[in-house]
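Reviewing the structure listed below.
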Amino acid sequence: MSSTIHEARRTAGPAGEAAVTEKVTIATAVRDALALEMERDPRVIVMGEDVGVNGGVFRATEGLLERFGPERVLDTPLAEDGIIGTAVGMAMTGLRPVAEIQFMGFVYPAVNQLLAHMARIRNRTRGRFHAPMVVRMPYGGGIHAPESHSESYEAMFLNAPGIKVVVPSTPRDTRGLLASAIRDEDPVVFLEPKRIYRAFREEVPVEPFTIPLGVASIPHPGEQVTLVAWGAMVRVCLEAARALEREGISAEVVDLRTLNPLDRDTLLESVRKTGRCVVVHEAPRTAGFGAELVALINEHALLDLEAPVQRVTGFDTVFPYARLEHHYLPNRDRVLRAVKKTFEF
Amino acid sequence: MPRKPIVTATIERLEILSPDGSVDEALLPELSGEDMVGLYREMVRMRAYDEKAVKLQRQGRMGTWAPLKGQEAPQAALALAMEPEDWLIPAFREHGIMLARGVPGHVLYAYWAGDERGSAFPEDVRVFPIPVPVGSQFAHGAGVGMSLALRGEPGVAVTFGGDGATSEGDFHEALNFAGVFRARTIFVIQNNQWAISVPREKQTAAETLAQKAVAHGIPGIQVDGNDVFAVHVAAREALDRARSGEGPTLIEAVTYRLGDHTTADDAGRYRDPEELARWQERDPIPRMRRFLEARGLWDEQQELVLTDEATAWVEAQVEALEAMPAPDPADIFRYMYAEMPASLREQMEELREEVSS
């Protein structure tokens, strides 16, 4: 991994042992996870548009072609359905493809393969076949991109049983979750928050490690209100939590990290403790995953609630072009207003 | 010269065995008499299996069935040409070749009787499950062909589809991928003239489906799909090419769906009975019998024995189908993921309680 170490240094791990870490962005963490898994398992291949020579339009696959060669890093024709369809055939016969859809807004032509095949192969064949593959997709807004480059349609995949859905929010989580996703026996849609691909760096162990799918994290513990988010919206919630702290309100941020399987226990424990909850996502509100979370909380923790769960989401509109997108995306002040509502109920 | 032709393409059509049973000796493949008889026996077994399923459906003992009647030749020919290490990626009218490649008859019946266990093929059977969305299997075929090469395994992927499927984007994306990556994949189009009620000429303005290969930079050939020898020759050429790393081939087998699209369809609503009668004269099975008889490879006595054997085999499949225990409702949940998530386990318990109450 020498080529990927930029600022490697020794830091004390939780058990006091020295761990070599490096300070990386989410984009670099994606690349490092891919490289480590490709090194570990010859069945892992990377495929997609511009992932080879160009290293990906976000440079998330940079250097892989040079390192692993054109047989394992495939610059494919520009055809999303073809990418996922061929990946399904490969996964069913012993490879572990990691396919990239360049932007989530371009995934629609591939939905037939994702929903009609990838999600169903294990069930259809009663376990004779399965499709251990990962579909990486940069998702979400906030980078002033053209139309169809800012979508956040995770709910579509959450309504398609058979697909695991993972959304990291930090470089460390990206490394550990992507490694788990690649090693998983089931297909995983791995949504990368492109808005924060390079927003910040974090110390990440150089050696391979995994973070299990289906386990949420609590990046900001608190007592009085739970802010639930995933991907780029975790940062928005953390900003809100810090602002609340200055006002003397203790907010707990739950980063779901994996939307399917969902860590219901961590979510519900937090809500039972705080009695207030705000769910934040950038996808449209109606039939968004927030609606599912509110329903779950109502089913399991209604009597612990001091106020109805609030939703801070994208609007039920088409995602606006660059000049208006900041009006669409949930921000700190919207979260704060929603928190206020839970206190004033 | 400012304008000049830069690409010219030729599409061949191959015919060897005429409807009257005569052959073009120069083109006849070098097959043993045993193999020739084997092709015939396989086609007869396919038809018996198919006709029985239609009867079972009429009796309420089978779900919706997609008859293959009339399309036995491409399936028997490919089955003979393929090697054990090759993979079959079928569409949904490939019962014949699925059986020939080792799918147990009662298992395939179970699929059409509405039971997912009908796609739980034995581990050593290199056959993909039936894909329902039309044309979506072609990309899997391209992927399998690429996967075999990447993993350094022998074998070729053989994927089937119909004339209607060539209008799907998946078909073109798959041919394109296969061409670019020189995949060890063969695309067999069973052009049976009808996509439910829409005739072949309304699927494409192109004169042949085989020429669709040209734009994707791969070889394409049209064969008489009711001529088991013509399909066999084209299949062997394509398989050899793929095996030696020379890439994919598109084979258009011109045939005819003698039955309805499915048992839920009535082709009488949209097809001219005269057209059907003309194609019945081109039926692949009687023409092969005429050929074998003319060669002294087959006689009436053998025919009687074969009919009995095929019937007995089919009946045994029906018996095995009907002897299968009822599926466990928990199976709805069991195969969604490698490990069942807690939330799904709860839903399974909900159903269990409902079923047991």
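Tell me yes or no: at least one residue of the stretch A:250-257 is surrounded by 17 or more Cβ atoms within 10 Å (Cβ to Cβ), within 26 Å of A:Ala181 (Cα to Cα) and within 14 Å of another protein chain (Cβ to nearest Cβ). For the stretch A:250-257, residues surrounded by 17 or more Cβ atoms within 10 Å (Cβ to Cβ), within 26 Å of A:Ala181 (Cα to Cα) and within 14 Å of another protein chain (Cβ to nearest Cβ): present. Scan the stretch A:321-331 and tell me whether some residue there is more than 24 Å from the chain's Cα centre (by Cα), part of a helix (DSSP H, G or I), surrounded by fewer than 16 Cβ atoms within 10 Å (Cβ to Cβ) and modelled with pLDDT of 95 or more. Among the residues of the stretch A:321-331, at least one is more than 24 Å from the chain's Cα centre (by Cα), part of a helix (DSSP H, G or I), surrounded by fewer than 16 Cβ atoms within 10 Å (Cβ to Cβ) and modelled with pLDDT of 95 or more, which makes the answer yes. Of the residues making up the stretch A:258-276, those that are under 25 Å from B:Arg345 (Cβ atoms) and away from chain B (no Cβ under 14 Å) are A:Glu269, A:Ser270, A:Val271, A:Arg272.
Yes or no: B:Gly118 in the same structural domain as B:Ala183 (by TED's automatic domain parsing), part of a loop (DSSP other than H, G, I, E, B) and small (Gly, Ala, Ser)? The answer is no for B:Gly118. When the residues of the stretch B:149-170 are filtered to those that are facing another protein chain (nearest Cβ under 7 Å) and not in a loop (DSSP other than H, G, I, E, B), the one that is surrounded by the fewest Cβ atoms within 10 Å (Cβ to Cβ) is B:Gly169.
With respect to B:Val231, determine if the residue is closer than 19 Å to B:Leu78 by Cβ and of a type in the set (A, V, I, L, M, F, W, C). So B:Val231 fits the description; yes. Hey, any hits in the stretch A:290-307 for a residue that's free of Cβ contacts under 8 Å to residues at least 12 places away in the same chain, outside any loop (DSSP other than H, G, I, E, B), within 14 Å of chain B (Cβ to nearest Cβ) and closer than 28 Å to A:Asp186 by Cα? Checking the stretch A:290-307: at least one residue is free of Cβ contacts under 8 Å to residues at least 12 places away in the same chain, outside any loop (DSSP other than H, G, I, E, B), within 14 Å of chain B (Cβ to nearest Cβ) and closer than 28 Å to A:Asp186 by Cα. Residues that are within 14 Å of another protein chain (Cβ to nearest Cβ), buried (at least 19 other Cβ atoms within 10 Å of the Cβ) and not in a strand (DSSP E or B) are absent from the stretch A:190-205.
Of the candidates B:Arg184, B:Arg236, the single residue that is within 30 Å of B:Tyr40 (Cα to Cα), surrounded by 19 or more Cβ atoms within 10 Å (Cβ to Cβ) and in the same structural domain as B:Pro67 (by TED's automatic domain parsing) is B:Arg184. Scanning the stretch A:129-150 for residues that are out of contact with any Phe, Trp or Tyr (no Cβ under 8 Å at 6 or more places or on another chain) and surrounded by fewer than 18 Cβ atoms within 10 Å (Cβ to Cβ), we see that the one that is farthest from A:Lys194 (Cα to Cα) is A:His144. Looking only at residues in the stretch A:69-82 that are crowded, with 22+ Cβ neighbours inside 10 Å and more than 8 Å from every other protein chain (Cβ to nearest Cβ), the one that is farthest from the chain's Cα centre (by Cα) is A:Val73. Out of all the residues in the stretch B:126-148, which are at the interface with another protein chain (Cβ under 9 Å from one of its Cβ atoms), without any contact (Cβ under 8 Å) to a residue 60 or more places away in the chain and among the aliphatic types (A, V, I, L, M)? B:Ile130, B:Val132, B:Ala139, B:Val144, B:Met146 - these are the residues of the stretch B:126-148 that are at the interface with another protein chain (Cβ under 9 Å from one of its Cβ atoms), without any contact (Cβ under 8 Å) to a residue 60 or more places away in the chain and among the aliphatic types (A, V, I, L, M).
If only residues of the stretch A:96-117 that are at the interface with chain B (Cβ under 8 Å from one of its Cβ atoms) and surrounded by fewer than 24 Cβ atoms within 10 Å (Cβ to Cβ) are counted, the one that is farthest from A:Leu158 (Cα to Cα) is A:Pro109.
Here A:Glu344 meets the list (1) touching a strand residue (DSSP E or B) at 6+ places or on another chain (Cβ under 6 Å); (2) of a type outside the set (Phe, Trp, Tyr); (3) farther than 27 Å from A:Ser150 by Cβ almost entirely, failing just condition (1).
Could you say whether any residue in the stretch A:53-68 is within 14 Å of another protein chain (Cβ to nearest Cβ) and either under 16 Å from A:Pro132 (Cβ atoms) or in a loop (DSSP other than H, G, I, E, B) (or both)? Checked against the condition, which is being within 14 Å of another protein chain (Cβ to nearest Cβ) and either under 16 Å from A:Pro132 (Cβ atoms) or in a loop (DSSP other than H, G, I, E, B) (or both), the stretch A:53-68 yields no hits at all. Of the numbered criteria (1) crowded, with 20+ Cβ neighbours inside 10 Å; (2) more than 10 Å from chain B (Cβ to nearest Cβ); (3) not polar (S, T, N, Q), the one A:Ala91 fails is (2). When the strands (runs of 3 or more DSSP E) confined to the stretch B:174-270 are screened for residues that are within 16 Å of the chain's Cα centre (by Cα), within 14 Å of chain A (Cβ to nearest Cβ) and at pLDDT 95 or above, those reaching at least 2 such residues are found at B:185-191. Restricting attention to the stretch B:109-125 and to residues that are at the interface with another protein chain (Cβ under 10 Å from one of its Cβ atoms) and closer than 16 Å to B:Ile97 by Cα, the residue that is surrounded by the fewest Cβ atoms within 10 Å (Cβ to Cβ) turns out to be B:Pro122.
Among (1) within 13 Å of another protein chain (Cβ to nearest Cβ); (2) outside any helix (DSSP H, G or I), there is one condition B:Ala91 misses while meeting the rest; what is its number? Among (1) within 13 Å of another protein chain (Cβ to nearest Cβ); (2) outside any helix (DSSP H, G or I), the lone unmet condition for B:Ala91 is (1). Residues in the stretch B:298-347 that are surrounded by fewer than 13 Cβ atoms within 10 Å (Cβ to Cβ), within 24 Å of B:Ile285 (Cβ to Cβ) and of a type in the set (D, E, K, R): B:Asp299, B:Glu300, B:Asp308, B:Glu315. The set of residues from the stretch B:6-23 being in a loop (DSSP other than H, G, I, E, B) and farther than 23 Å from B:Leu209 by Cβ comprises B:Ile6, B:Asp20, B:Gly21, B:Ser22.
The values are calculated or read from the model by the stated rules, or taken from the named source; none is laboratory data. Just so it is clear, the structure is predicted and the values come from calculations on it, not from any experiment. So basically every Cβ, Gly included, is an ideal-geometry build from the backbone, and we count neighbours across all protein chains shown.
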